[in-house]
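Q: Sharing a structure with you now.
The numbers here are math on the coordinates, done by the rules we state, and not lab data. This structure is a prediction, so every number in the text was calculated from the model and none was measured. Ideal geometry is used to build each Cβ from the backbone, glycine not excepted, and the neighbour counts take in all protein chains shown.
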Amino acid sequence: METQKEQRMKRIVSGIKPTGRPHLGNYFGMMKSVVEMQDEYESFLFVADYHALTTIHEKEELHNLIVQLILDYLAVGVDPKKTVFYLQSAIPELAEFAWILSTLVTVPWLERAHAYKDALAKGKEPGVALFSYPILMAADILATQAELVPVGKDQIQHVEMTRELARKFNARYGTLLKEPQSFLSEGQVVPGIDGQKMSKSYGNIIPLFADEKAVKKAVMRIVTDSSRPEDPKDPEQCNVFALHKLITPEEELEEIRDAYLRGGMGYAESKERLFNNIMEFTREMRERRAFYENRMELVYEIIQEGNAKARNLIIPLIQQVRESVGLLS
Ligand code: ADP
Ligand code: TRP
């Protein structure tokens, strides 16, 4: 009789930097898929606080952003019973691992990274941490031995670099590290209120959890053309409609699409509806956020537990890495 092999669930890992409050782009690009995947995958999710040090240099601000991001993740539906939810800095061994990985690559190899090139293109003098950022990100991923990394499009290059680092390590020291793959959520880039990619660094975001007034203000500032309410409009060319497609229920979406094509719906009305739908879409999440905000002890417990689970998994792997490269254990 054939014995059935136990099928291990595939493992995923992802992280987000606590460098600002999350927005609709973060939600649809990454948070949503992490939440949806936690039922079917063994999930690892962390707050990339070491990475945030690259840009946040004020102690209180960083501390606050870390706490807020933990709440945001719980609010969008990360379930600590299903997902190992932890702080990157609870595992300082990751920095050790990143150091070891850094011995595998050259300066020109790292110079190809988009984040570094962007900084140069903007005339900034890139910091050392920004330059070596892809190595720490590779350590975050490889240390979990995850198969999949759910991220937005802009992070694919970093995951590719992670794969290369795994191959380089395995070629030099013997197969130990697993090559992960990116997992793209419907492949979309969520546009910001100016039509460019929504990003904290472009000041064009619609925040997920700001108060009503701030959400409304952002929605009302979405850039549109100068057509009048009665003019027919192409929904596919409209920044407001692009966001409706993510948020607005199917039936109402079709109604709005028809009204655009026929003429008769002004941008003000379209924005008002979008605003209402965003508030409705985030209502349950806001309630969950308030629940946890009023129980901060529970929140700290959750993260401590996650830290312990992540350490249990990650530290033995890093110990194997130390042995593989010849360090005395
Ligand atoms: P930001 O550009 O706002 O600083 P981050 O770099 O912190 O965002 O990104 C966190 C996650 O959210 C990443 O996986 C990223 O790919 C995703 N993401 C950010 N902005 C968008 C967007 N506009 N559309 C889709 N995904 C996004
Ligand atoms: N670089 C990612 C970002 O800017 C954050 C990140 C750090 C990450 N380490 C990671 C994402 C590991 C996935 C896996 O959004």
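Q: So for the chain, what are the equivalent ellipsoid semi-axes in whole Å, largest first, each being the square root of 5 times an eigenvalue of the Cα gyration tensor? List each step's numbers first, then the result.
A: Details: eigenvalues 296, 102, 79 Å².
With the √(5λ) rule applied to the chain, the semi-axes are 38, 23, 20 Å.
Q: While we're here: Pick out, from 137, 64, 174, the residue whose Cα sits farthest towards the positive end of the charge dipole of the chain, with +1 on the Cβ of Lys and Arg and -1 on the Cβ of Asp and Glu.
A: 174
Q: Right, another one. Only four residue types carry charge here, +1 at the Cβ of Lys and Arg and -1 at the Cβ of Asp and Glu. Report the dipole size of the chain about the Cα centre in Debye, rounded to the nearest 20.
A: With Lys and Arg at +1 and Asp and Glu at -1, about 840 debye.
Q: So, one more: Helix-derived [θ] at 222 nm for the chain: sum -39500 (n - 2.57) over DSSP H runs of at least 4, divide by residue count, nearest 500? Don't jump to the answer; show the numbers that get you there.
A: Working: 14 runs with 170 residues, N = 329.
Calculated mean residue ellipticity at 222 nm is -16000 deg cm²/dmol.
Q: Right, another one. Taking the alpha-carbon centroid of each part, what is the distance from the stretch 54-105 to the stretch 120-180 in angstrom?
A: Computed from Cα coordinates, the inter-centre distance equals 16 Å.
Q: Averaged over all directions, how much area does the convex hull of the C-alpha atoms of the stretch 5-62 cover when projected, in nm²?
A: If you wrap the Cα atoms of the stretch 5-62 in a convex hull and average its projections, you get 5.0 nm².
Q: Would you look at the GNM of the chain, springs on alpha carbons closer than 10 Å, and say which of 128, 190, 13 moves the most?
A: Answer for the Gaussian network model of the chain: 128.
Q: Take residue 179 and residue 58, extend 7 Å from each Cα along the Cα→Cβ direction, and tell me the distance between the two endpoints in nm.
A: Between residue 179 and residue 58, the simple spin-label model gives 4.5 nm.
Q: May I ask which residue of 86, 76, 38 lies farthest towards the positive end of the charge dipole of the stretch 1-91, with charges of +1 (Lys, Arg) and -1 (Asp, Glu) on Cβ and the Cα centre as origin?
A: Value computed over the given set: 38.
Q: Under unit Cβ charges (Lys, Arg +1; Asp, Glu -1), what dipole magnitude, rounded to 20 debye, does the stretch 210-281 have relative to its Cα centre?
A: It works out to roughly 420 debye.
Q: Here's another thing I want to ask about it. Tell me, what is the FRET efficiency for residue 167 and residue 228 to the nearest 0.05, using R0 = 41 angstrom and their Cβ-Cβ distance as r?
A: 0.10
Q: By per-residue mean of other Cβ atoms within 10 Å, what is the highest-first order of 51-59, 200-208, 118-126, 84-92?
A: Put in order of decreasing packing, that is 84-92, 200-208, 51-59, 118-126.
Q: Equivalent-ellipsoid semi-axes (√(5λ), Cα gyration tensor) for the stretch 60-207, whole Å, largest first?
A: 26, 21, 16
Q: Mind pulling up the Rg/Rh value for the stretch 210-281? Radius of gyration and Kirkwood radius, both on Cα.
A: Ratio value, two decimals: 0.95.
Q: Same structure again: If you count the DSSP beta bridges with both ends in the chain, what percent of them are antiparallel, to the nearest 5?
A: Of the beta bridges lying entirely in the chain, close to 10 percent run antiparallel.
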